[in-house]
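Visitor: Just passing along the structure, written as structure tokens.
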Amino acid sequence: MADILEIQDLVVSYGGIEAVKGISMNVEEGKIVTLIGSNGAGKSTTLKTIAGLVKAKSGKILFGGHDILGKSTDEIVTRGVTLVPEGRRVFPNLTVEENLRIGAYLRKDNIRPDLDRVYELFPRLHERAWQLAGTLSGGEQQMLAVGRALMAKPKLIMMDEPSLGLAPLVVRDIFAIIRTINRQGITVLLIEQNANMALKTADWAYVMQTGVILMQGEGRALLENEEVKAAYLGKAK
């Protein structure tokens, strides 16, 4: 299939310091792609720039063949790109359903079928539809953050550290949900500190360090790469 997202020579600076140093990467439509690397590598900055939350110094971000660099966040969401931010960022004093409806704030059509689909994907959210989001567990809040992003009917969903701070059993649930979302036809771009789970799940992976792409390849192939094992998986032969 064709690439749904193409990043070309992207440079992003913070106060004169280049956080992203001219990276280029592609995301094939219908695939799960992961971006791994240590803290401060520029991964989150890359996702935020795609989402329109951070301005780039130069480069191009093509989504569906159209340059979205510099577009407003609303326009980017309308085109079909959503971001599940690090730390979940749910609205604690609103109910589960109110949080989900906020995800559809730009839509003018009937959102009920998509609410039902989110509840089918996350039965626990259905059970807690009128519970305040701030009273949910960390895993439930992560499900809510993903469900909220799905309410915009994205073609590409980006996730920033979805397993952060979650118990191992919940992490497995989250990755199972990521695979399910992908099987439903949504392309996934994933940042994840749990490199082992990310590489096992992703069709393609990029390794990022200090603002540059060091290497790329099939997720399972990078699992066996000695440099990746030593740097990100805590083991080497």
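The values are calculated or read from the model by the stated rules, or taken from the named source; none is laboratory data. Note that this is a predicted model, so its numbers are computed, not measured. Backbone-built Cβ (ideal geometry, glycine too); neighbour counts: all protein chains shown.
Visitor: Among 198, 152, which is the only one that is farther than 26 Å from residue 65 by Cβ and of a type in the set (A, V, I, L, M, F, W, C)?
Guide: 198
Visitor: Right, another one. For residues that are in contact with a helix residue (DSSP H, G or I) (Cβ under 9 Å, 6 or more places away or on another chain) and among the small types (Gly, Ala, Ser), scanning just segment 29-58, find the one that is surrounded by the most Cβ atoms within 10 Å (Cβ to Cβ).
Guide: 37
Visitor: Suppose the filter is acidic (Asp, Glu), in contact with a Ser or Thr (Cβ under 6 Å, 6 or more places away or on another chain) and in contact (Cβ under 8 Å) with a residue 12 or more places away in the chain; does residue 160 pass it?
Guide: yes
Visitor: Of 112, 107, 101, 124, which residue is without any contact (Cβ under 8 Å) to a residue 24 or more places away in the chain, basic (Lys, Arg) and farther than 20 Å from residue 180 by Cβ?
Guide: Working: 107 fails: without any contact (Cβ under 8 Å) to a residue 24 or more places away in the chain; 101 fails: without any contact (Cβ under 8 Å) to a residue 24 or more places away in the chain; 124 fails: farther than 20 Å from residue 180 by Cβ.
Only one candidate qualifies: 112.
Visitor: Between a first residue in segment 85-97 that is at pLDDT below 85 and a second residue that is not in a loop (DSSP other than H, G, I, E, B), which pairs have beta carbons less than 6 Å apart while being 6 or more apart in sequence or on different chains?
Guide: Pairs that qualify, where the first residue is at pLDDT below 85 and the partner is not in a loop (DSSP other than H, G, I, E, B), are 88/141; 88/142; 88/145.
Visitor: Being small (Gly, Ala, Ser), at pLDDT 95 or above and part of a loop (DSSP other than H, G, I, E, B) is the filter; apply it to segment 1-51 and report the residue that is farthest from residue 187 (Cα to Cα).
Guide: 51
Visitor: Might you check whether a residue that is in a helix (DSSP H, G or I) and in contact with a Gly (Cβ under 8 Å, 6 or more places away or on another chain) occurs anywhere in segment 159-171?
Guide: Within segment 159-171 (the criterion being in a helix (DSSP H, G or I) and in contact with a Gly (Cβ under 8 Å, 6 or more places away or on another chain)), the answer is yes, since at least one residue qualifies.
Visitor: Further question: Quick one: would you say residue 186 is among the aliphatic types (A, V, I, L, M) and touching a residue at least 40 places away in the same chain (Cβ under 8 Å)?
Guide: Values: among the aliphatic types (A, V, I, L, M): yes; touching a residue at least 40 places away in the same chain (Cβ under 8 Å): no.
For residue 186, the condition - among the aliphatic types (A, V, I, L, M) and touching a residue at least 40 places away in the same chain (Cβ under 8 Å) - is not met.
Visitor: Based on what the data block shows, is residue 12 buried (at least 19 other Cβ atoms within 10 Å of the Cβ) and more than 18 Å from the chain's Cα centre (by Cα)?
Guide: On the way: buried (at least 19 other Cβ atoms within 10 Å of the Cβ): yes; more than 18 Å from the chain's Cα centre (by Cα): yes.
Judged against the criteria, residue 12 is a match.
Visitor: Take segment 189-209 and flag every residue that is without any contact (Cβ under 8 Å) to a residue 60 or more places away in the chain and part of a helix (DSSP H, G or I).
Guide: Within segment 189-209, 196, 197, 200 meet the criteria.
Visitor: Could you list, in sequence order, the residues of segment 74-108 that are part of a loop (DSSP other than H, G, I, E, B) and either touching an Asp or Glu at 6+ places or on another chain (Cβ under 6 Å) or surrounded by fewer than 16 Cβ atoms within 10 Å (Cβ to Cβ) (or both)?
Guide: 85, 86, 87, 89, 91, 92, 93, 94, 105, 106, 107, 108
Visitor: Another one. Out of 109, 160, which single residue is more than 18 Å from the chain's Cα centre (by Cα), among the acidic types (Asp, Glu) and either under 30 Å from residue 195 (Cα atoms) or at pLDDT below 95 (or both)?
Guide: Result: 109 is the single residue among 109, 160 that is more than 18 Å from the chain's Cα centre (by Cα), among the acidic types (Asp, Glu) and either under 30 Å from residue 195 (Cα atoms) or at pLDDT below 95 (or both).
Visitor: Given the structure, is residue 212 closer than 24 Å to residue 23 by Cα, out of contact with any Ser or Thr (no Cβ under 6 Å at 6 or more places or on another chain) and among the β-branched types (Val, Ile, Thr)?
Guide: yes
Visitor: For segment 183-200: of the residues being within 12 Å of the chain's Cα centre (by Cα) and farther than 18 Å from residue 222 by Cβ, which is surrounded by the fewest Cβ atoms within 10 Å (Cβ to Cβ)?
Guide: 186
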